[in-house]
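The values are calculated or read from the model by the stated rules, or taken from the named source; none is laboratory data. What you are looking at is a predicted structure, and each value in this text was computed from that prediction instead of being measured. Here the Cβ positions follow ideal geometry from the backbone for every residue, glycine too, while neighbour counts run over all protein chains shown.
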Amino acid sequence: MGRKPSAASPRGFSASRFPADTFPDLQAGNLACVRPSEAGSAAPQQETRRANERLVRAVGHIVEAEKHVPFLCECMDPFCTEPVPMTLKEYEAVRAHPRRFALVPGHPTVAGEQIVSEDPRFQVMEKPE
Ligand SMILES: [Zn+2]
């Protein structure tokens, strides 16, 4: 008991714990997620919109009409995860227009996108045709 040397080697060959192909895979994965050419396109917003649609389906039938639901900000920043507190009715009013998105006030837009409605809680952005 206690006679065995510790498994931790002071010299270590820690590099061998990561096969050579580990890092290329990781990088490929990162590149697939973050394609700069897509920044500013509708792609991030479509992802966020799908998440918000799932949220509506998940809570739409149980949440009170006047209660604020933390929708995800639909700004052009694909990493933005800030909540936009809106009632279901407010969100559905934005959704009723296919080119309108709900943003946290002050969040970035790209050229051509117009803020068509402002509220202390959220602003509505409309994309150009
Ligand atoms: Zn945002």
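A few notes on this one:
- In the stretch 90-124, residue surrounded by the fewest Cβ atoms within 10 Å (Cβ to Cβ) [restricted to those that are near the ligand (Cβ under 10 Å from one of its atoms) and among the aliphatic types (A, V, I, L, M)]: Val104
- Qualifying residue in the stretch 74-89 (condition: more than 16 Å from the ligand (Cβ to nearest atom), modelled with pLDDT of 95 or more, in a helix (DSSP H, G or I) and surrounded by 13 or more Cβ atoms within 10 Å (Cβ to Cβ)): yes
- Taking the criterion of being modelled with pLDDT of 75 or more, more than 21 Å from Leu103 (Cβ to Cβ) and part of a helix (DSSP H, G or I), the residues of the stretch 30-73 that qualify are Arg57, Ala58.
- Within the stretch 100-121, residues that are under 18 Å from Cys80 (Cβ atoms) have Cβ atoms under 6 Å from residues that are among the β-branched types (Val, Ile, Thr) in these pairs: Arg100/Val94; Arg100/Val124; Ala102/Val84; Ala102/Val94; Val104/Val84, counting only partners at least 6 apart in sequence or on another chain.
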